[in-house]
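The values are calculated or read from the model by the stated rules, or taken from the named source; none is laboratory data. Note that this is a predicted model, so its numbers are computed, not measured. Cβ coordinates were reconstructed from backbone atoms using ideal geometry, including for glycine residues, and neighbour counts include every protein chain displayed.
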Number of protein chains: 6
Amino acid sequence: MIYITRKEHFNAAHKLYNDKWDEAKNFKVFGKCANKNWHGHNYELFVTVKGEVNAETGFVINLKDLGDLIQKDVTEILDHKNLNLDVDGLSDVIPSTENLAIFIWKILNDEIKKLGAQLHCVKVCETENNYVEYFGG
Amino acid sequence: MIYITRKEHFNAAHKLYNDKWDEAKNFKVFGKCANKNWHGHNYELFVTVKGEVNAETGFVINLKDLGDLIQKDVTEILDHKNLNLDVDGLSDVIPSTENLAIFIWKILNDEIKKLGAQLHCVKVCETENNYVEYFGG
Amino acid sequence: MIYITRKEHFNAAHKLYNDKWDEAKNFKVFGKCANKNWHGHNYELFVTVKGEVNAETGFVINLKDLGDLIQKDVTEILDHKNLNLDVDGLSDVIPSTENLAIFIWKILNDEIKKLGAQLHCVKVCETENNYVEYFGG
Amino acid sequence: MIYITRKEHFNAAHKLYNDKWDEAKNFKVFGKCANKNWHGHNYELFVTVKGEVNAETGFVINLKDLGDLIQKDVTEILDHKNLNLDVDGLSDVIPSTENLAIFIWKILNDEIKKLGAQLHCVKVCETENNYVEYFGG
Amino acid sequence: MIYITRKEHFNAAHKLYNDKWDEAKNFKVFGKCANKNWHGHNYELFVTVKGEVNAETGFVINLKDLGDLIQKDVTEILDHKNLNLDVDGLSDVIPSTENLAIFIWKILNDEIKKLGAQLHCVKVCETENNYVEYFGG
Amino acid sequence: MIYITRKEHFNAAHKLYNDKWDEAKNFKVFGKCANKNWHGHNYELFVTVKGEVNAETGFVINLKDLGDLIQKDVTEILDHKNLNLDVDGLSDVIPSTENLAIFIWKILNDEIKKLGAQLHCVKVCETENNYVEYFGG
């Protein structure tokens, strides 16, 4: 069993705001992230898959295929988007880094099996000072 | 003459959109950056000042003073904001990295003279793949 | 279960020197790190906690709270300090990166439970070429 | 149990090419990496070992010893080399990042036991966008 | 006048070897870089152009156009290539970082004028420890 | 004329403290950097030299020679040292990043001429958030 990781990027706007709360509570909990006019980030995404090495290719998975999958199914729908407004499947949760990682896991998990490997970890870095890792389950 | 640089950060939303043009032309010129619901970035700001070394302190400028100035006059008004909507002085230009660097230069230039040094360069990094430098004039 | 990591910094002086040994043995074991007049590092600290995502906030833990905790209980006592001389609790061990990671774990472990999450890993980077990870136990 | 990681570098040429296939199939599977005249990378190698902290030194392992071992047994044979042509033990496999990580694990695993610790992970970064981790077994 | 920089990448093999010298002299001058079977690098390329800001776009130059130009005229001919064997225009010089920067300058200088800006600097990073800057002339 | 830069590292302890002032004034001016028991940094040093490209080597300067010079004349005397106590030539100034850059310039300027090139810039990074550049004169 060996693990391989592919890094991709996307730039997006979001805000952290719970509509069930008033503005004061939102600012108390989310601080500046509750700004109603949005803010944004350069997100870094690391997708780690695991599997056996194929003797003919030396690969667990063809990184070109993995990169194409991530770009088609993840980056295409998140890059240069507003995570609160533009993304089906994120509109009913707070678009925190945690929920973003879980959202991406759900998109990729089955697709990576079709490529002959297993998804191990989705890591999302929101800034250079914080990141989330999700291993499923 | 010696040069010292201070790095700061801000996270903001923006879009590149010229209201004088229709949507098709905006997408042709600005691509995904024209998304009407915004996107965003982790901006890195490098402020370089120059001057003589003070023999008593070994400093061109006290970095604590420079950092405080940048945070009070620049970061405070840009961080976790929408550059198109929330920032007086940016609302009448396209909030490109170029215009952002010029905007920051105008804010800091006189204030840095008051600290006994000269502003040399404002560098703004929008992503890890592009940055702008402005030297005034 | 999801994992979130917060990065902080501190700059400190230290030396690696076992007082039970003579100077020759100290230099043999610790090399240049045994210099009696100290040397120092820009330490990077990564604190990883795990827990369930709170549906109302989208958070495992409020990163503002985690950051405040680390700054109050860890950074405040290590930053711009001499790890051999200035830090209660480190004075009776060699201030290696290993012992520093264990020291920080002991400070944070119970406090993070009070914030409703579990400490998973303390990672301390001494230089860009070496780092230590401690998972407790 | 605590984990410590040492980073080293090597620069090497390679190509991904399966001699049992014709050129068309090689380009289909390996893309530009199949260029017959080679290409190359700045590889980053992270070696993680685990063990107990020695009370006299504060160390799991002396990083000087670990660094010397990696340089003598790994870097020396890979740095500024052609991975397909110059390295005994790699000539009969595709020199993918996966096979490189396994190759390095086999070299280091027993030697690190002699230094009183256990090899935990060999991580090889081929570019800033992809890396492999091998934990043995 | 404002300066904007675009970063691109290419991975290539090369060797530093002067055919007019014998092998001993080549190794004396170029060290391990003279290995006859090649080695390679992940090159980073920073292209800086300067010009006036266009009021309608906020741009000195459209980064999409600049990126396309660099990829078509530079990256396409250098990426996953052997700099000694595969690149017309480099085959008669030592493919040092210096000569690579000059080579790229010559390709881009006129083309950037056609995009309405001026080439200011070509910076090529061969490893994280060395880079070359060429400003023309 | 072309510019080439070599990066080196050193780890050192220092404090910013003017002995002509009392402790209160030192803390007012230098903040935590005045801690009498020292603190320290991982310094990064970038030395940029300029010159013509030698047609036989493709080099402005042999980086091996430049690296050896920096290590022998600069790193050797600064690495794992206390900048206030251990370094002749720094003991009579405040060991600020500014004074460190000037100190290194004076050491290297003539030696680089002997290698057939000209020193252009000494850049010293004290933390990831601040650096100094000195161009002589």
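Condition first: touching a helix residue (DSSP H, G or I) at 6+ places or on another chain (Cβ under 7 Å) and of a type in the set (S, T, N, Q). Can you find one or more residues in segment A:19-34 that meet it? Within segment A:19-34, one or more residues are touching a helix residue (DSSP H, G or I) at 6+ places or on another chain (Cβ under 7 Å) and of a type in the set (S, T, N, Q). Per this entry, A:Lys50 is counted among residues that are surrounded by fewer than 22 Cβ atoms within 10 Å (Cβ to Cβ), among the basic types (Lys, Arg) and at negative phi. With respect to the conditions (1) modelled with pLDDT under 95; (2) under 11 Å from the mean Cα position of the chain (by Cα), C:Cys121 lacks only one, and its number is (1). Might you let me know whether segment B:27-43 holds any residue that is modelled with pLDDT of 95 or more, within 23 Å of the chain's Cα centre (by Cα), hydrophobic (A, V, I, L, M, F, W, C) and under 24 Å from F:Ser96 (Cα atoms)? No, segment B:27-43 contains no residue that is modelled with pLDDT of 95 or more, within 23 Å of the chain's Cα centre (by Cα), hydrophobic (A, V, I, L, M, F, W, C) and under 24 Å from F:Ser96 (Cα atoms). What residue, of C:Phe27, C:Phe59, is buried (at least 21 other Cβ atoms within 10 Å of the Cβ) and among the aromatic types (Phe, Trp, Tyr)? Sole residue among the options that is buried (at least 21 other Cβ atoms within 10 Å of the Cβ) and among the aromatic types (Phe, Trp, Tyr): C:Phe59. The condition (being aliphatic (A, V, I, L, M), buried (at least 22 other Cβ atoms within 10 Å of the Cβ), part of a loop (DSSP other than H, G, I, E, B) and at pLDDT 95 or above) is satisfied by just one residue among A:Ile70, A:Ile94: A:Ile94. Do we have any residue at all in segment A:12-32 that's under 26 Å from D:Gly31 (Cβ atoms) and part of a helix (DSSP H, G or I)? Checking segment A:12-32: not a single residue is under 26 Å from D:Gly31 (Cβ atoms) and part of a helix (DSSP H, G or I). Among the residues of segment B:79-91, those that are touching a helix residue (DSSP H, G or I) at 6+ places or on another chain (Cβ under 8 Å) and in contact (Cβ under 8 Å) with a residue 40 or more places away in the chain comprise B:Asp79, B:His80, B:Leu83. Scanning segment B:44-62 for residues that are more than 7 Å from every other protein chain (Cβ to nearest Cβ) and charged (D, E, K, R), we see that the one that is nearest to the chain's Cα centre (by Cα) is B:Glu44.
Taking each residue of segment E:110-121 that is part of a helix (DSSP H, G or I) and looking for partners that are modelled with pLDDT of 95 or more with beta-carbon atoms closer than 7 Å, six or more apart or interchain, yields E:Glu111/E:Leu69; E:Glu111/E:Asp73; E:Ile112/E:Val49; E:Ile112/E:Gln118; E:Ile112/E:Leu119.
Quickly run through segment C:36-47 and pick out the residues that are more than 18 Å from C:Ile112 (Cβ to Cβ) and surrounded by 22 or more Cβ atoms within 10 Å (Cβ to Cβ).
Once the filter is applied, which keeps residues that are more than 18 Å from C:Ile112 (Cβ to Cβ) and surrounded by 22 or more Cβ atoms within 10 Å (Cβ to Cβ), segment C:36-47 yields C:Trp38, C:His39, C:Gly40, C:His41, C:Asn42, C:Tyr43.
For every residue, the table says whether it meets (1) within 14 Å of chain A (Cβ to nearest Cβ); (2) touching an Asp or Glu at 6+ places or on another chain (Cβ under 6 Å).
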residue	(1), (2)
D:Glu76	no, no
D:Ser91	yes, no
D:Thr97	yes, yes
D:Ile102	yes, no
D:Lys113	no, no
D:Val122	yes, no
D:Thr127	yes, no
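Tell me whether segment F:3-23 contains one or more residues that are on the phi > 0 side of the Ramachandran plot, within 12 Å of chain C (Cβ to nearest Cβ) and not hydroxyl-bearing (Ser, Thr, Tyr). No, there is no match, as no residue in segment F:3-23 is on the phi > 0 side of the Ramachandran plot, within 12 Å of chain C (Cβ to nearest Cβ) and not hydroxyl-bearing (Ser, Thr, Tyr).
Being part of a strand (DSSP E or B) and either touching a Gly at 6+ places or on another chain (Cβ under 8 Å) or over 25 Å from F:Leu16 (Cβ atoms) (or both) is the filter here, so list the residues in segment C:43-67 that pass it. Across segment C:43-67, the qualifying residues are C:Phe46, C:Val47, C:Thr48, C:Val49, C:Lys50, C:Gly51.
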